Amino acid sequence: MFTQLEIATIKNKAHQIEKAGTLPADILQLIYEKKLFKLFLPAELGGKQLELLEALKVFQKSAAIDGNFGWLVTIGSGGNIFSPYIEENVCEILFRPKTAVIAGSGYPTGRAIKTDNGYNVSGQWKYCSGANYATVFTANCFVEVDGVLTDKIISCILMPEHVQVVQDWDAYGLKATGSHTIKVNNVSISKNFTFSLFEQKSDYAGIVNSFPFLSFSEASFTAICLGIGEDFYREAREVIERKKVESLKNDSDRYELMVNIIEEKFTAFKQAEKQFYSMVSKTWGKHQQGEVLSERNLQQFTAVCKNSVSNIIDSVNALIRYFGMEAVKESAPLNRIWRNLYTAGQHIFLTP
């Protein structure tokens, strides 16, 4: 999926990326070339149409290179899920361009006033990752009809020229995801620039599109945390190896202690990873066979995702205490990776 040179290029720029608050042009170009924002789209729209397990591995590998990179690849691909619910001619406009990528929010914090030809849309939406380079935005709105606000929710498609990006993302991790607020004021859109996840409008559906959306999201974010956790253990090993000569000279017992603790915690990490992929494989297999997933099955799926992430964060927190000042300097890779993991794990789909 990634060459050693590509991995090194992204890793070497990780600090620069965080400071800039967005991905640089060359890394975006890499994403476009590898179609990483099109993992679930069919070939007709220039996509790779991966199955869920394949895509989760891509998400994890991307996040293992850099948390910001992995998060944006995952979010960018997640917008592909909407394609079957959007009219075919509109899909051609939105998804076919090489640089196509959706940013948006699932929170219904906007208002769509019904008109003869469509809707007038106003509102603002938080946490729109990738807002700085998105070619399309989606936003959920409550529908207003004849001056009365209803409880009906529709998803609106908004073009960048109509959207104001409010540069307000100030989290202490995943700083380069550009997860800013977006605003629109009385933007007129036609009816075919709206959609609902309950109404299929095109033939661009793959088997992943019919997988429960909540479970899809939980699995995607868990894969990101696994990738960032993997990166943490890689960096932790590198830190102690860089200091090996000094440690053996001054305190050989300390070096052995650190090696043993890292391997102990990494074993727990691999167990969480195994448990997660076992549940995904089992649930995805049922879905492929056409079985209706029971509420109990979906609840178990949610529990495994959340428990896996909690276990990853707990093991990393226990380990980072042994790294002293290396763990508290924001310029240190270990600190950046830890902050990215904590931020990713705070997503509402993953919190206890």
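The values are calculated or read from the model by the stated rules, or taken from the named source; none is laboratory data. What you are looking at is a predicted structure, and each value in this text was computed from that prediction instead of being measured. Every residue, glycine as well, gets a Cβ built from its backbone with ideal geometry; the counts of neighbours run over all protein chains shown.
Among all residues of the stretch 318-332, there is at least one that is modelled with pLDDT under 95, β-branched (V, I, T), in contact with a helix residue (DSSP H, G or I) (Cβ under 6 Å, 6 or more places away or on another chain) and assigned to a helix (DSSP H, G or I).
Listed here are the residues, each with its yes/no results for (1) within 18 Å of E51 (Cα to Cα); (2) in a helix (DSSP H, G or I); (3) not aromatic (F, W, Y).
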| site | (1), (2), (3) |
| --- | --- |
| M258 | no, yes, yes |
| V280 | yes, yes, yes |
| L293 | yes, no, yes |
| T302 | no, yes, yes |
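If you scan the stretch 309-319, which residues turn out to be over 17 Å from Q275 (Cβ atoms), touching a residue at least 40 places away in the same chain (Cβ under 8 Å) and surrounded by fewer than 21 Cβ atoms within 10 Å (Cβ to Cβ)? Result: A318, single match. Here Y127 clears all of (1) more than 18 Å from I86 (Cα to Cα); (2) hydroxyl-bearing (S, T, Y); (3) touching a residue at least 60 places away in the same chain (Cβ under 8 Å) except the condition numbered (3).
Scanning the stretch 158-180 for residues that are part of a loop (DSSP other than H, G, I, E, B) and charged (D, E, K, R) gives D168, D170. The condition of being farther than 20 Å from D203 by Cα, surrounded by 22 or more Cβ atoms within 10 Å (Cβ to Cβ) and modelled with pLDDT of 95 or more holds for only one of T109, T74, that being T74.
If you filter the stretch 269-292 down to residues that are surrounded by 16 or more Cβ atoms within 10 Å (Cβ to Cβ) and of a type outside the set (S, T, Y), you find that the one that is farthest from the chain's Cα centre (by Cα) is H287. Within the stretch 257-267, one or more residues are in contact with a Lys or Arg (Cβ under 7 Å, 6 or more places away or on another chain), among the aliphatic types (A, V, I, L, M) and more than 28 Å from S217 (Cβ to Cβ). Can you confirm whether the stretch 108-124 contains a residue that is closer than 17 Å to L45 by Cβ and either in contact with a strand residue (DSSP E or B) (Cβ under 6 Å, 6 or more places away or on another chain) or among the β-branched types (V, I, T) (or both)? Within the stretch 108-124 (the criterion being closer than 17 Å to L45 by Cβ and either in contact with a strand residue (DSSP E or B) (Cβ under 6 Å, 6 or more places away or on another chain) or among the β-branched types (V, I, T) (or both)), the answer is no, since none of the residues qualifies.
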